[in-house]
Structure formats: C-alpha cells, structure tokens
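The values are calculated or read from the model by the stated rules, or taken from the named source; none is laboratory data. In this text the structure is predicted, and so the values were computed from the model without any measurement. Cβ: placed from backbone, ideal geometry, glycine included. Neighbour counts: every protein chain shown. Heads up: the accessible areas ignore ligands, DNA and RNA and are worked out on the full protein's heavy atoms, side chains in. Shrake-Rupley method; radii C 1.70, N 1.55, O 1.52, S 1.80 Å.
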Amino acid sequence: MFMQALKQNMLVEERSWLLSYPIAVVTSLAALLVSLVLSPLLPQSSLVLFLTAVVVSSWYGSRNVGMLATLLCSLASAYFFLAPIYSLAVATVNGFLELSLFVAVSLLISGLSAARQSTESRLRQSEERFRSAISDAPIPIMLHAEDGQVVQINRTWTELTGYTPVDIPTISAWTQKAYGESQELVRADIDRLYSLDARIAEGEYTITTRSGETRIWDFYSAPLGNLPDGRRLVITTAIDITERKGAEIELQEGTNLLQAVIEGTTDAVFVKDLQRRYKFINATTAQIFGRAKEEIIGCDDTELLPFDLATALRDVDQRIMTTGRGEIVEEKVRSDGSIHIYLSTKDPYRDAVGNVIGLIGVARDITERKQTEEALSRSLQRLAALQQIDRAILRAESTEEIAHAALLRMHRVLPYVEAVVALFNFETGNAQILAGTIDSVSKGESVELEQLIPTFVSRESGGIRYVEDIATLEERPLLIERQLVEGKPSFLAVPLVVEGDLIGELSLFANQTAAFNPEHQQIAIRSCKPASSGDSAGSTTRTTAKLRCRTRTASSRANGCAERIQCRYASFYLLSFP
C-alpha cells in the first residue's frame with residue numbers, strides 16, 4: 001500500500017512538473033506586457049514586475065521553472081528596458097549591475113521556493129507514511145481527540161470489530177457498541193488518557209464486536225500532542241489476546257487437574273535439582289518426612305534422613321542424573337519412627353534442549369506388600385521343610401528320632417539357638433529329655449523338675465510362657481538361669497497337653513532379647529497341638545497310624561507302656577507342625 005501511494009505521488013509530481021513550465025512563460029509575458037504599458041508612467045516598474053513573475057513561477061513550479069522565468073525576464077529586461085534598447089547587449093555599467101542584481105535575487109527566490117517545496121514534499125511523504133503505517137498496521141489502532149472525535153481507525157480495527165469509521169465516529173459511539181452496560185466506566189478510563197504525558201498500559205478489556213462475539217483486548221495509549229485547533233490527540237493501540245487467554249485458561253485447567261492428581265495420589269511425587277535438593281514435592285512426600293512442604297523444599301536427603309539411608313538415595317540419584325537413564329529401585333526411608341520400603345521410579349529431569357537438570361521421582365510404599373511376600377516366603381519354606389521332615393519322620397524308628405526331626409524342622413523357621421523337648425513326671429518330680437539339649441543334659445537323661453520349670457507350673461497348666469528377657473524373672477529355675485549366663489536371654493516354653501494334663505514342654509532359647517515375635521509364637525503353639533482335619537492331612541494320617549502301631553507294640557512289650565505312650569503323644573503333637 002505504501003509503495004502504491006509513493007508511485008501515485010511520483011506520477012502527480014511528474015504531471016505537475018510538465019504543467020509548471022508554461023506558468024513561467026505566461027507570467028514572464030504578463031510581466032513584460034504590464035511593464036511596457038507602465039514604463040512611460042513608472043520607468044522602474046519593470047524590475048518589480050519581472051521579480052513578481054519569478055516569485056510566482058518558483059512558488060507554483062520547481063527550481064527549474066523559477067530559473068526559466070529568471071532567464072526569460074532577464075532577456076526581456078535587457079532587450080526592452082536597458083540601453084541600448086531592442087538589443088540584448090548591455091552597454092552601461094548601471095544596466096549591467098541592475099541586471100546582475102535582478103538575476104541574483106531571482107535565483108535566491110527560486111532556491112528558497114525549491115527548499116520550501118522540498119520540505120513540504122518530505123512532510124507530505126512523512127504524513128503519508130504515518131497514515132499508511134496506521135492504516136496497514138497488524139494491530140488495531142485508533143486516533144481520538146479530547147472532545148470525543150474518533151479521528152482515525154485502521155483496517156485491522158474494522159476487520160476485528162466489524163465497526164467502520166461511519167459506525168463509530170465518536171468515543172461515545174464506540175463505548176456504547178463495544179462495552180454495553182460497562183460503557184460509563186470505560187468512558188471514564190478513556191477521559192483520563194487526555195491528560196497523559198507518557199505511554200500507559202490500560203489493561204485488558206472485553207469488547208463486543210458488531211457480530212455479537214466477545215473478544216479480549218489488551219489496550220495501550222500514548223499522547224500525540226495537540227491538533228492545529230488545540231485539541232489534545234491520543235493514539236490507542238490494542239492487542240487481541242482472545243486466543244491467548246483461552247489457551248491460558250486451558251493450560252490453567254490442565255495444571256489444576258495435574259496438581260489435583262499429584263496431590264491426591266497416595267504415591268510420593270518429587271523433583272530434585274542437580275544438587276539433589278528438593279524443588280517440588282506433593283503432600284504425600286511431606287507426610288513421609290513428617291514436615292511442612294516449606295521446610296523440605298531446598299533441602300537434600302542428608303538433612304531429612306539418617307546418614308546411611310540418605311547415602312543410599314544419593315548414590316541412586318547421582319547414577320540416574322549421570323547416565324541419563326531412568327531406573328526402578330527399592331529404597332528405604334524412615335517414616336513415622338520406622339523404616340518403610342518404597343518402590344521408586346526415577347527418571348532424569350531435562351530442560352527444553354535435553355540437558356539433565358535434575359531428577360523426577362514417584363515412590364510407592366510397598367512395606368506391607370514386602371511383609372506379605374516375606375510371610376509367604378516363610379510359609380513356602382515351612383511347607384518345603386514339612387515335606388522333607390515328614391519323609392524323615394516316616395523313616396524314624398523311635399519317639400526320640402521323631403522329636404529330634406520335629407526340632408530340626410522348627411529350627412528352619414524359628415530363631416532359636418537351643419531347644420529341648422522334656423516329658424514331665426509330677427509324681428517323681430523328674431523331667432525326661434526326649435530331644436534336644438539343655439545345659440549339657442541331652443536326650444535320654446533326666447533332671448529334676450524344679451531345675452527346669454518354676455514351682456507355679458502344675459500338671460493342669462496349659463498356657464505358653466514367653467519371656468523377652470530372662471533377667472526380668474523373679475523366679476528363675478537353675479537350668480533357665482544358666483541359659484541367661486550363657487548369653488541366651490530370650491525364652492519361649494510351649495506346653496504339651498493331653499486330655500487337659502501337662503505331659504511335657506517344648507522350650508526354645510534365643511541369643512537376643514525379644515527374639516520371638518507373635519508369628520514365631522503362633523508357629524510354636526501350632527507345632528505342639530494335634531493337627532486339624534485340614535493341616536497336613538496325609539502326613540498326619542500316616543504318622544498317627546505309625547504311632548498307633550508303635551503304641552500297641554510298646555504296650556505288649558513292657559510294663560512301662562504308659563510312659564512310652566506319653567512319649568508318643570508328645571511326638572505326635574510335635575508332628576502337627578503346619
């Protein structure tokens with residue numbers, strides 16, 4: 001558009017240049033005629049008239065037109081008014097000086113006129129460029145005066161709003177159409193613009209287009225000085241940010257959704273920088289550390305965890321950030337006063353160009369799952385041990401061998417270092433060691449009951465006795481006391497009961513205090529009870545048949561059959577280990 005306007009101006013100037021030369025001829029002839037008429041009355045009038053012709057030619061023409069008028073007038077003055085008359089020669093000094101002065105003044109007038117025309121031309125071009133810049137600008141632009149007149153709006157303004165200069169000749173018309181009920185407030189904001197002395201960012205406004213569509217514009221205004229009539233002029237530009245605002249809203253909604261997911265998950269989500277300091281954490285991560293988010297952000301693991309746990313985390317993090325490859329690892333973290341196991345998925349955190357600038361992690365607490373897996377593993381180990389020992393028991397030929405096999409089986413799943421199976425004879429006050437060893441007393445030997453069990457234990461007792469630390473007992477039998485001296489402070493005794501009578505006891509000793517947890521105690525108790533119909537049914541049936549056979553054989557062989565049956569009862573109980 002600007003180039004087209006420039007070409008049009010050049011064509012107009014070319015036509016004006018062609019038409020201006022006749023002006024020089026006409027004005028020069030007119031000045032000559034008038035001078036000839038007035039010369040009898042005013043002999044010196046020719047110089048003034050010829051200067052007038054030069055001024056008019058220079059004003060309406062170019063420098064060259066003025067110079068042409070100067071040449072024509074000089075020739076006419078020399079031919080008709082300077083001696084010798086009717087000759088182009090100048091014979092007198094006064095005539096020569098007069099003609100030279102005329103030429104000098106004429107050239108000066110032509111030069112000044114040319115300078116004026118050049119200045120006016122540049123000014124017109126500048127105005128055209130300014131108008132073209134406003135008209136063709138890619139952003140909406142409005143020029144408006146302080147009396148409310150809309151001096152100009154550009155094409156972009158019209159294209160985006162649908163309003164032409166005819167539709168909005170004044171600010172009042174614009175605010176009424178674009179702002180509706182809010183027009184008074186907006187008009188008050190616009191009125192303050194005319195007192196500006198610097199550019200101002202007005203902010204975001206919602207406008208209504210001619211089609212009824214709403215758009216969001218970000219307005220900026222600046223003063224342009226005064227119009228020729230004294231009115232202050234302001235230029236207002238706008239940036240249509242409708243699409244950007246929509247994208248921002250969508251981005252914010254997506255961010256809010258992501259934030260809700262991150263904060264709502266029970267997994268720990270975190271981001272670390274290259275120095276392994278926490279840059280972002282969710283609520284679950286803060287809960288794990290037992291601190292507020294503000295206290296954790298900016299800290300590394302050495303400030304939050306014991307040194308050994310923090311070192312393990314540091315090594316993994318450094319490896320991931322160095323290699324640039326993600327990993328899935330199991331990590332330990334102290335939380336709520338205990339060690340928890342987390343399955344962590346860690347990946348390098350990269351910037352826009354792919355450089356590693358940190359680490360992103362998601363960790364899930366799998367402590368319960370690991371405990372379940374460990375319990376299942378122990379159950380599988382017990383089952384395998386049962387299958388192996390059952391075969392050994394079926395090959396056994398004596399009750400002592402059966403008891404010994406049972407102790408061997410339990411040793412694989414219970415943390416004891418010494419065990420003994422003893423049968424009690426409350427009438428004689430003795431205890432026979434059926435299997436195991438206690439204080440160098442092994443199977444087949446007897447000890448006094450008072451050396452093995454406290455005095456409060458009677459033949460009707462049926463409960464287990466678990467002592468986390470033997471040193472805390474007020475009454476410690478001799479053999480129990482010796483276990484403490486030998487460095488076995490933890491003690492678990494499970495009764496062997498037949499038809500309500502205590503016939504013996506399984507005693508287990510560990511080399512650390514509180515060695516037997518509830519699971520261990522349950523295993524020991526089940527080991528000393530007859531199997532139910534669902535527990536190892538096949539092996540129990542086979543073992544029961546074998547014991548019955550042995551019982552009948554023992555009954556027919558010797559008078560001490562009751563004692564042998566008692567042994568077999570004890571062995572049978574031990575064989576019920578699940």
Counting only residues that are open to solvent by 20 Å² or more (accessible area, probe 1.4 Å), closer than 16 Å to G358 by Cα and touching a strand residue (DSSP E or B) at 6+ places or on another chain (Cβ under 6 Å), the stretch 275-298 contains a total of 3
If you go through A178, A188, the only one that is open to solvent by less than 50 Å² (accessible area, probe 1.4 Å), over 20 Å from F130 (Cα atoms) and without any contact (Cβ under 8 Å) to a residue 12 or more places away in the chain is A188
Going through the stretch 31-42 in order, the residues found to be in contact (Cβ under 8 Å) with a residue 12 or more places away in the chain and either open to solvent by less than 50 Å² (accessible area, probe 1.4 Å) or not in a helix (DSSP H, G or I) (or both) are A31, L32, S35, S39
Result of the Cβ filter at 9 Å on the stretch 218-235, keeping first residues that are in contact (Cβ under 8 Å) with a residue 24 or more places away in the chain and partners that are of a type in the set (K, R) and open to solvent by 50 Å² or more (accessible area, probe 1.4 Å), at least 6 apart or interchain, is S221/R199; A222/R199; P223/R199; P223/R232; L224/R232
Among residues of the stretch 121-148 being in a helix (DSSP H, G or I), open to solvent by less than 70 Å² (accessible area, probe 1.4 Å) and of a type in the set (A, V, I, L, M, F, W, C), the residue nearest to G230 (Cα to Cα) is I134
Restricting the stretch 236-268 to residues that are without any contact (Cβ under 8 Å) to a residue 40 or more places away in the chain and in a loop (DSSP other than H, G, I, E, B), the one most open to solvent (accessible area, probe 1.4 Å) turns out to be T265
Over the stretch 469-492, the set of residues free of Cβ contacts under 8 Å to residues at least 40 places away in the same chain, more than 11 Å from F509 (Cα to Cα) and either among the β-branched types (V, I, T) or open to solvent by less than 20 Å² (accessible area, probe 1.4 Å) (or both) is T472, P477, V485
For the stretch 199-230, the count of residues that are crowded, with 17+ Cβ neighbours inside 10 Å and either outside any strand (DSSP E or B) or basic (K, R) (or both) equals 1
Of the residues in the stretch 174-225, those that are more than 39 Å from the chain's Cα centre (by Cα) and among the β-branched types (V, I, T) come to T175, I190
Taking the stretch 323-359 and keeping only residues that are in contact with a Pro (Cβ under 9 Å, 6 or more places away or on another chain) and either free of Cβ contacts under 8 Å to residues at least 40 places away in the same chain or within 19 Å of T372 (Cβ to Cβ) (or both), one is left with T323, G324, R325, G326, R334
Per the list (1) under 60 Å from the mean Cα position of the chain (by Cα); (2) in a strand (DSSP E or B); (3) among the small types (G, A, S), residue check on S507 breaks on (1)
- Task: Restrict the check to the stretch 76-88 and report whether at least one residue is surrounded by 15 or more Cβ atoms within 10 Å (Cβ to Cβ) and part of a loop (DSSP other than H, G, I, E, B).
- Result: yes
Filter the stretch 431-467 for residues that are in contact with a Phe, Trp or Tyr (Cβ under 8 Å, 6 or more places away or on another chain) and open to solvent by 50 Å² or more (accessible area, probe 1.4 Å); the one that is farthest from E505 (Cα to Cα) is Y466
Listed by range, strands (runs of 3 or more DSSP E) wholly within the stretch 400-453 having at least 3 residues that are modelled with pLDDT of 80 or more and touching a Leu at 6+ places or on another chain (Cβ under 7 Å) are 418-425, 430-438
Log entry, pairs with first residue in the stretch 69-82 being among the β-branched types (V, I, T), second being open to solvent by 60 Å² or more (accessible area, probe 1.4 Å), beta carbons closer than 7 Å, six or more apart or on different chains, reads T70/L107
